[in-house]
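First the structure, in the form of structure tokens, and then the observations on it.
The values are calculated or read from the model by the stated rules, or taken from the named source; none is laboratory data. Only a predicted model underlies this, so the values are computations on that prediction, with no experimental measurement involved. Note that we place each Cβ from the backbone using ideal geometry, even for glycine, and neighbour counts take in every protein chain shown.
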Amino acid sequence: MKKYQVLLSLLTTGLVLIYSCQYEEIVQPDVPHLDTSLTIHFTDTIVPIFDQAGCLNCHGGNISPDLRPSQAYDAIVPQLVDLNDPDASKIYWVPAPASDHAQKYSASQAALVRAWIVQGAKDN
């Protein structure tokens with residue numbers, strides 16, 4: 001009888017250890033290759049990202065920056081854009097996929113925002 005209790009105890013301890021372990025798999029975002037010869041338009045490409053990514057839930061006029069279509073460019077450029085270091089641009093890294101911001105860009109959206117900055121962050 002004691003043998004079964006020890007075996008049951010070991011089995012229970014083993015199961016607890018196995019199921020209590022948590023593994024977090026770090027998945028690198030699949031950033032699409034962008035054709036840099038194509039112009040990325042702020043109005044047609046970047047502004048819709050703010051709505052699609054859920055940014056307007058907070059930044060729809062109540063919280064700075066105001067990312068509504070009529071206000072977005074003036075709220076972003078030059079305050080949140082670093083043309084010398086696009087990766088340091090707040091409009092790129094704050095909602096980037098790996099950040100802890102409430103709403104995040106998808107990897108492809110982040111790539112578009114970064115490419116737009118690389119192309120000079122034009123109001124086009």
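Taking the options 30, 44, 66, name whichever one is closer than 20 Å to residue 91 by Cα, surrounded by fewer than 11 Cβ atoms within 10 Å (Cβ to Cβ) and at pLDDT 95 or above.
On the way: 30 fails: at pLDDT 95 or above; 66 fails: surrounded by fewer than 11 Cβ atoms within 10 Å (Cβ to Cβ).
Result of the check over 30, 44, 66: 44.
I'd like the residue in the range 91-124 that is without any contact (Cβ under 8 Å) to a residue 40 or more places away in the chain and closer than 14 Å to residue 47 by Cα and, out of all such residues, is surrounded by the fewest Cβ atoms within 10 Å (Cβ to Cβ).
114
Identify the residue in the range 81-90 that is surrounded by fewer than 17 Cβ atoms within 10 Å (Cβ to Cβ) and hydrophobic (A, V, I, L, M, F, W, C) and, among all such residues, is farthest from residue 59 (Cα to Cα).
83
Mind checking which residues of the range 60-74 are outside any loop (DSSP other than H, G, I, E, B) and farther than 23 Å from residue 107 by Cα?
74
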